Amino acid sequence: MKYGFLFHTKEAAIKGNLKEKFAKIAAAASSQIKRVKSLIEARKSLLAIDLGSYAVKIALLSPTKTGFMLRSWGYLPLENKPEESPEEKKLGVLNALRAFLIQSGIKNKYAAASVSGNSMIVRYVKFPLLTKSELSATIATEAEPFIPFDVNDVQFGFHILEETVEEGQKKMETVLVAAKKEIVSSRVEILQGAGLNPSIIDVDSFALENLFTQFDTSAAEPGGTLYLNIGHSVTNLSIIDKGNTRVVRDIFTAGQTFTRAIMKALNCELTQAESLKRSHALLFDADQKDAAIAEGRKEDVAISDALMGVLKDLTVEVHRSVDFFLSQGSDRVISRIVLMGGSAALKNLDRYLSLEFKNPVSVLNPLAAIENSQSIPKEMTPAFAVAIGLALRKPNDWV
Ligand SMILES: Nc1ncnc2c1ncn2[C@@H]1O[C@H](COP(=O)(O)OP(=O)(O)OP(=O)(O)O)[C@@H](O)[C@H]1O
Ligand SMILES: [Mg+2]
């Protein structure tokens, strides 16, 4: 998917172009200089930094003859102290990132990050027929009716999808992204503060779609796919059907909502609730729960009840998006569910969703097709989906 960026430095584009031109000349000149080309290519790779609220995930890929290999990666858990101010949180991220860069000796300066959550919005809208530059010039006026923010406070990104006719008038179907300037600049400041050159500020859901279209082979099969990236503070939902994104939405029920529910039910501290969440399973059918009660496993039942309460809220929201998708045409059907994000590891979540939505559920391994990626522990891999989607961005994705 070639759109979704909100920010991209001109400097990066110019340098990218020059490097590309040089690379072409070098390749033609001699095989020895091909080494130079591969070095240039490697330097052109983007350092992908998923600035999640629970952990920062970092990936650096380089192209190989058959695909990609992982050159470097990082998983930087954040402290997540409830009393921390946003400024303190930002400093925590910055310090972790700086330490990682020093330790890993990464010289690659071009970086990509992304945004999601309630400071941004994605809309599929029909604009009057305009050229790309005309729309760029008038985007604030055209987009105003579609966004819940003051146009002066946001940065726009858009991509024209296709021409359509509505009520006899030619229109163009466009995907519109509006993100609060403060969230975009906060991402830029973190990258720059760590000594990196921010090239792309993407949208989590678009980075994910970039990953699915390149790596999820099931996407080519008939029927729609419901993707859920269940992170810490947000769940990114996408429904993709025949290669087209039909629904993109962020839901604010995710890992931290589960943890808080355990804290409340057991009256315990954050760290304890976090570890109980990881060690306990959802007991969603009556038999499982009855057995736990009969065996006197009170804590198992209390934790499961707390988790199930949150999961039911999440399920209501997911049903809403699925129903919306199904209502758009009689041929529409959901054929599979794909999970990712750290919270995809919640025990029994896949089985619960499979019964609830009457579809097969799988957990995506975003590293499956990437060489040299075995060093990332298996339990961490679903959390790397956004980082890999960002790392797969190419310089011409923003042209
Ligand atoms: N084994 C596990 N069982 C249950 N939950 C888990 C497990 N491992 C990690 N998690 C949860 O996954 C969440 C972190 O996932 P992820 O790294 O995808 O979030 P994030 O990208 O940092 O957050 P966000 O994008 O929402 O800001 C945390 O809430 C964590 O408790
Ligand atoms: Mg995330």
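Read-outs throughout are calculated quantities, based only on the coordinates presented, and are distinct from any laboratory measurement. In this text, all values refer to a predicted model and were calculated from it rather than measured experimentally. When we count neighbours, we look across all protein chains shown, and the Cβ atoms used for this are built from the backbone with ideal geometry, even at glycine.
Numerical summary
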read-out: Mean separation of Cα contacts under 8 Å, 6 or more apart, over the residue count of the range 255-357: relative contact order %; value: 32
read-out: The chain, relative contact order [Cα under 8 Å, separation at least 6], %; value: 20
read-out: Packing-based ranking, highest mean first, of 54-65, 143-154 given that Cβ atoms within 10 Å are counted; value: 54-65, 143-154
read-out: Within a Gaussian network of the chain (alpha carbon springs, distance under 10 Å), most fluctuating of GLY341, GLY117, GLY195; value: GLY195
read-out: Residue with peak Gaussian network fluctuation, the chain [Cα springs, cutoff 10 Å], from SER373, SER330, SER119; value: SER330
read-out: Taking the C-alpha atoms of the chain, convex hull volume expressed per residue in Å³; value: 161
read-out: From the C-alpha gyration tensor of the range 252-399, square roots of 5λ in Å; value: 31, 22, 15
read-out: Most mobile listed residue (ILE230, ILE337, ILE106) in the chain, GNM with C-alpha springs under 10 Å; value: ILE106
read-out: Listed residue (LEU355, GLN288, LEU270) projecting farthest to the positive dipole end of the range 255-357, Cβ model; value: LEU270
read-out: Pairs from LYS180/LYS358; LYS65/LYS89; LYS170/LYS242; LYS289/LYS358; LYS126/LYS312; LYS107/LYS132 whose Cα-Cα separation, in the structure shown, is over 32 Å; value: LYS180/LYS358; LYS65/LYS89; LYS126/LYS312; LYS107/LYS132
